[in-house]
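Below is one structure, written out as structure tokens; comments come after it.
Here, each number is a calculation from the coordinates, and none is a lab measurement. Computed from a prediction, not measured in an experiment: that's the story for all the values here. Note that we place each Cβ from the backbone using ideal geometry, even for glycine, and neighbour counts take in every protein chain shown.
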Amino acid sequence: MNPVSSPHVDDRPWYRYPLLWLAILLPASSVIAGLTTLYIAVINADSPVVDEWYKEGRGINRSAEQEQIAARLGIGLVLSQVGAGVQARLTSDAGIPAPELITVALRHPTLKEKDVLLTLHHQGNGVFRGDGALPSMGRFIATASTPEGHWRLYQSGNIEDGTVRLGHATKP
């Protein structure tokens, strides 16, 4: 056999071919990018604002009745930051007796870590106090109720001048 007529055989090993590395590099980079995206999604996952949304959805009819009672009684609540705690003034057009305890939840519409839950104790003359801090500003969804569930205030709004007004609370 004539060496001139025989086909040329390349004696380089497989890893010396640049087109082969290009064929390996493209799918490998896709796999790495996909795993990186998965890692970022798992580490920075958004938490739901309300974990028990199904139970809250079932209680809508019950809470709507409590909200109607609060509206008929003309109940209002004004929350303000006083020192390291929160002070609230409860008012009512019907002159209802003040409960011993009021629970207030200020929920941020999208970020669970900005939610605030306050337990306010009656101090006398419609004034309530509790530990905690009001958010300085921004949108919120507020819920105020008694442990007995006689009435409930529910509304969304903005915090203005460090004060939260719920229900029939009027500006001074």
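Multiplying the residue separation of residue 21 and residue 139 by 0.36 nm and removing their Cα-Cα distance gives an extension gain of 37.1 nm.
Each residue of segment 128-134 was assigned a 3J(HN,Hα) from its phi angle through the Karplus expression (A = 6.51, B = -1.76, C = 1.60, θ = phi - 60°), giving 10, 9, x, 7, x, 9, 7 Hz with x at Gly and Pro. With the convex hull of its Cα atoms as the shape, segment 53-167 has an orientation-averaged projected area of 7.1 nm².
With 0.36 nm allotted per residue and the present C-alpha distance subtracted, the residue 129-residue 35 stretch has 28.8 nm of extension available.
Counting 0.36 nm for each residue step from residue 119 to residue 98 and taking away their Cα separation leaves a gain of 6.1 nm.
The modelled label-to-label distance for the pair residue 84/residue 42, using points 7 Å beyond Cα in the direction of Cβ, is 4.1 nm.
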